[in-house]
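Asker: Here it is, the structure in full.
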Amino acid sequence: MLYGILADIHANLEAALVVKNFLQQMGVEKILVLGDTVGYGVNPIECIELFESNGTTFIKGNHEEALLTGKYTGFNTEARISMNWTKKNVPERYLQKISSWKETMEMDDFVICHGGLNDPLYFYTNTRTKAKKMFDEFQFNYCFVGHTHFPMAFSLKKEETLPAIIAEEADGRIRLVISTEKRFILNVGSVGQPRDGNPEACCAIYDTKSRIFELHRIPYPVEVTSKKIIDAGLPSSLAARISRGL
Ligand SMILES: [Fe+2]
C-alpha cells in the first residue's frame, strides 16, 4: 500500500490543494490526515471536503478538540481568535463528522495519532527525551505523528538508551527505510503552517512494500492564503507566519 500521510492542514486550502494533487500524481492509494485540519486558516470545511471525497482517514487533533468542546488548552491569543472564527463558520453537520474522528488508530504494522501516544492530542514529540518516553511506555513498531509542525524522525535500536534524531535535509526532505531492526517515530510536518523556516507545504509518502518513508516539500501560492486570512479579519501575524514558515 502506498500511503500519503499529512498533518496540520489548518484550513489552508491552497496548500491542501497542491498536496492532494501531488499525492495523486505519485499514485498514493490511501491518505491519512493526522489532525488539526481546522484552525488558523479560513477554509476548514473546504479542506475536510477536499480529502473526504477520497476516502481519507482523519484523526482528531487538539484544534478539532477545541472546536468540539470549547476548551482551548494551551492556545495562545491568535489560536483563540482563530478558533472563535472557526466555531462561527463550521456548521453543526461538520461537528458531528469531526466528533467521529479517532485520537489514535492502528493501520498495517504502524500507529497514527496527532501528538504522541502518551497524550494523543497534546503530546509534543520534539525531543529525544520525549521520544524515549513514548518508546518506553507504548508498544509499537513505528508511529506517524504531527502537531509540532516540524518534520523530524526518531529511531531506536533495541540496545540504545536514547533515540537518534533524523532531521530533514537542507531541501526540507527526509528519506529513510523503515528497518524492522529499529522502532521509529515519524513526524510528517505541517501542510498548512510549517514552522521549520521553510514555508512550503509538507507531506509524506510511505510505501509498505519497500518500507521507504519520504517527506516532500511543495510550494503553493502562500500570498493567496495570507490575503484570505487578513480579509477575514484574523490576526495579521497568522498571515505573516505562513509566509516565513515559522
Ligand atoms: Fe497544529
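Laboratory data are not the source of any read-out in this text; all were calculated from the coordinates shown. Predicted model only: the values in this text are computed from it and were never measured. As a convention, Cβ positions derive from the backbone with ideal geometry for all residues, glycine included, and neighbour counts pool all protein chains shown.
Asker: Please report, ordered by residue number, every helix of the chain (full DSSP H runs) that is 15 Å or longer along its axis going by C-alpha atoms and whose mean Kyte-Doolittle hydropathy reaches -0.5.
Answerer: In the chain, the long hydrophobic H runs are 13-25.
Asker: Given the options Tyr40, Leu6, Ala164, identify the residue whose Cα lies farthest towards the positive end of the charge dipole of the chain (+1 on Cβ of Lys, Arg; -1 on Cβ of Asp, Glu).
Answerer: Tyr40
Asker: So which lysines can Lys88 reach, going by Cα to Cα under 24 Å and dropping same-chain residues fewer than 8 places off?
Answerer: Excluding near neighbours in sequence, the set is Lys60, Lys71, Lys97, Lys102, Lys227, Lys228.
Asker: Something else about it: Would you list the P(r) distribution for the range 69-145, with all Cα-Cα distances sorted into 10 Å bins from 0 and each bin expressed as a whole %?
Answerer: Taking every Cα pair in the range 69-145, the percentages come to 16, 38, 30, 16, 0.
Asker: So for the range 121-246, averaging the separation of alpha carbon pairs under 8 Å that are six or more residues apart and normalising by length, what relative contact order in percent results?
Answerer: 22
Asker: Something else: The range 1-48 to the range 174-194: how many Å between their Cα centroids?
Answerer: 17
Asker: If you don't mind, another one. Just Asp108, Asp196, Asp136 to compare: in a GNM of the chain, with alpha carbon springs under 10 Å, which one fluctuates most?
Answerer: Taking springs between Cα atoms under 10 Å, the residue moving most is Asp108.
Asker: With a cut-off of 8 Å between alpha carbons and a minimum separation of six or more residues, what is the relative contact order of the chain in percent?
Answerer: Result for the chain is 23 percent.
Asker: Among Gly189, Pro199, Ile178, pick out the residue whose Cα is farthest towards the positive end of the charge dipole of the range 103-216, where Lys and Arg carry +1 and Asp and Glu carry -1 on C-beta, about the Cα centre.
Answerer: Checked the options; the winner is Ile178.
Asker: Let me ask something additional. Mind checking which of Arg93, Arg80, Arg211 has the largest fluctuation in a GNM of the chain, springs on alpha carbons under 10 Å?
Answerer: Of Arg93, Arg80, Arg211, the most mobile in the Gaussian network model is Arg93.
Asker: What is the Cα coordinate range of the range 12-63 on the first, second and third principal axes, sorted by size from largest, in whole angstrom?
Answerer: So the three principal-axis extents are 29, 21, 14 Å.
Asker: Among Ser243, Ser226, rank each residue by its count of other Cβ atoms within 10 Å, from fewest to most, as a rough exposure measure.
Answerer: Listed from fewest to most nearby Cβ atoms, that is Ser243, Ser226.
Asker: OK, next. Quickly rank 41-48, 167-174 as a protection proxy: mean count of other C-beta atoms within 10 Å, highest first.
Answerer: 41-48, 167-174
Asker: With a 10 Å Cβ neighbour count serving as the proxy for reagent exposure, in which order, fewest first, do Cys203, Cys143 appear?
Answerer: Ordered by Cβ neighbours within 10 Å, fewest first: Cys143, Cys203.
Asker: In terms of Cα to Cα distance under 18 Å, which lysines are near enough to Lys182, apart from those fewer than 8 places away along the same chain?
Answerer: Lys130, Lys132, Lys133, Lys157, Lys158, Lys209
Asker: Evaluated at 37 °C with a viscosity of 0.692 mPa s, what Stokes-Einstein diffusion coefficient in µm²/s does the range 2-244 have when Rh comes from the Kirkwood expression over alpha-carbon pairs?
Answerer: After rounding, the answer is 185 µm²/s.
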